[in-house]
Amino acid sequence: MRILITGGAGCLGSNVIEHWLPQGHDILVIDNFATGKREVVPPVNGLTLTEGSVADRDLVSRTFDAFQPTHVVHSAAAYKDPADWREDAATNVAGTINVVEAARAHQVSRILNFQTVLCYGRPETVPIPVDHPLRPFTSYGISKVAGERYLAMSGLPFASLRLANVTGPRLAIGPIPTFYKRLKAGQGCFCTDAQRDFLDMSDFLAAVDLVMKDDAPAGIFNVSSGEGHSIRDVYDAVRSHLGLPADPDVKVVPVGDDDVPAVVPDPSLTRSRLGWSAKVSFAETIKRMLSWYDAHGVSDVYSHLAAKN
Ligand SMILES: NC(=O)c1ccc[n+]([C@@H]2O[C@H](COP(=O)([O-])OP(=O)(O)OC[C@H]3O[C@@H](n4cnc5c(N)ncnc54)[C@H](O)[C@@H]3O)[C@@H](O)[C@H]2O)c1
């Protein structure tokens, strides 16, 4: 495959690259390093980097013309400043339109998109079925919903994977790295009274492999474990991993106005349509993540590709 990956320098994109490059695929990354790291897209055989924004229509179009991709993974997304609506709209809406139009012009065999479960807003039912109404209420969620909708009406053979919390190499945001870093530094922690779904990277990559097949069903899929675990469970697991005594009195605070108490997407239709389900248990998922931090630290950039070359 000749795979063009937008946002390939980010957490998910770089894990997809490390998964596919050894299989002999040619990969081109478009990334502006807004949140990604240059070090994870090293100059190695089969991997090309175009630095720039997907919001730059000419750049996207020129890059597609030069690379001639057969497959596209659209992983670029803007989210880092919730008040920067224009950047979110430029990347997540206009940028997605640029990628979708270029993919259509090149008649790619598959285009894969990653969607946030914030698309559902505050869900009426948990686990959240994939046909739950979309009620995003953040700039990131609103712009990501628009992007997914343009993709869905493009006529392209697409898959959009709705994701909650995928854990794996280089994950640096969310409760797991936060607790790990603070507890190691002897700092205090509090837990929000929230339930989240955690999915191990190997389960995520298995779903990605499935939907990239030319004969795989197209459409929108919840890719999740389907199990809600409290932030408190995560806190307890990190303490135990670090050999710290239990902390029954840790402060548990209600979620803020900009947050959602329970985010657990229901993967049952994904199971029946794709034959995919998560294999790695919650305990093992957290353990793998914490062992990775033991070896590489929380914010250090570590690339298996860079290490090999
Ligand atoms: N990691 C998860 O658990 C999770 C959950 C829900 C949704 N997602 C979605 O998965 C995708 C990847 O997320 P991630 O966790 O790897 O985040 P990330 O921040 O690590 O990766 C995003 C990448 O996009 C790049 N980028 C941002 N704006 C760009 C632009 N205008 N042009 C080109 N590149 C740009 C960033 O530099 C970064 O490398 C996103 O679409 C995100 O919405 C991820």
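Taking the criterion of being touching a strand residue (DSSP E or B) at 6+ places or on another chain (Cβ under 8 Å), buried (at least 22 other Cβ atoms within 10 Å of the Cβ) and more than 22 Å from Ser160 (Cβ to Cβ), the only residue of segment 36-62 that qualifies is Val41. Screening Thr96 on (1) under 19 Å from Val145 (Cβ atoms); (2) in contact with an Asp or Glu (Cβ under 9 Å, 6 or more places away or on another chain); (3) part of a loop (DSSP other than H, G, I, E, B); (4) in contact (Cβ under 8 Å) with a residue 40 or more places away in the chain shows it passes everything except condition (3).
Restricted to strands (runs of 3 or more DSSP E) entirely inside segment 194-309, those with at least 2 residues that are within 17 Å of the chain's Cα centre (by Cα) are 198-200, 219-223. With respect to Phe33, determine if the residue is surrounded by fewer than 17 Cβ atoms within 10 Å (Cβ to Cβ) and hydrophobic (A, V, I, L, M, F, W, C). Judged against the criteria, Phe33 is a match. Within this structure, Thr138 passes the test of being among the polar types (S, T, N, Q), within 25 Å of Pro265 (Cβ to Cβ) and surrounded by fewer than 22 Cβ atoms within 10 Å (Cβ to Cβ). Of all residues in segment 64-81, how many are within 11 Å of the ligand (Cβ to nearest atom) and either of a type in the set (A, V, I, L, M) or surrounded by 13 or more Cβ atoms within 10 Å (Cβ to Cβ) (or both)? Number of matching residues: 7. Consider segment 49-88 and keep the residues that are of a type in the set (Ser, Thr, Tyr) and more than 21 Å from the chain's Cα centre (by Cα). The one that is nearest to Gly24 (Cα to Cα) is Thr70. Scanning segment 199-258 for residues that are β-branched (Val, Ile, Thr) and either surrounded by fewer than 19 Cβ atoms within 10 Å (Cβ to Cβ) or farther than 30 Å from Thr70 by Cα (or both) gives Ile231, Val234, Val238, Val250, Val252, Val253, Val255. Of all residues in segment 147-187, those satisfying the criterion of being more than 12 Å from the ligand (Cβ to nearest atom), under 28 Å from Leu269 (Cα atoms) and of a type in the set (A, V, I, L, M, F, W, C) are Ala152, Met153, Leu156, Phe158, Ala159.
Residues that are more than 18 Å from the chain's Cα centre (by Cα) and of a type outside the set (A, V, I, L, M) within segment 150-177 comprise Tyr150, Ser154, Gly155, Pro157, listed in sequence order.
Residue count for segment 3-57 under the criterion of being over 13 Å from Val72 (Cα atoms), in a strand (DSSP E or B) and within 13 Å of the ligand (Cβ to nearest atom): the result is 4.
Counting residues in segment 82-92 that are among the aliphatic types (A, V, I, L, M), in a helix (DSSP H, G or I) and within 8 Å of the ligand (Cβ to nearest atom) gives one or more. Quick one: is Arg62 farther than 25 Å from Thr138 by Cβ and charged (D, E, K, R)? Yes. Could you tell me whether Arg232 is at negative phi and basic (Lys, Arg)? It is true that Arg232 is at negative phi and basic (Lys, Arg).
Kindly list the number of the only condition in (1) within 14 Å of the ligand (Cβ to nearest atom); (2) in contact (Cβ under 8 Å) with a residue 12 or more places away in the chain; (3) over 25 Å from Ala216 (Cβ atoms); (4) surrounded by fewer than 21 Cβ atoms within 10 Å (Cβ to Cβ) that fails for Pro123. It is condition (1) that Pro123 fails.
Since every read-out is calculated from the coordinates, none of them should be taken as a lab result. This is a predicted model, so every value here is computed, not measured. Cβ atoms come from the backbone with ideal geometry, glycine included; neighbour counts cover every protein chain shown.
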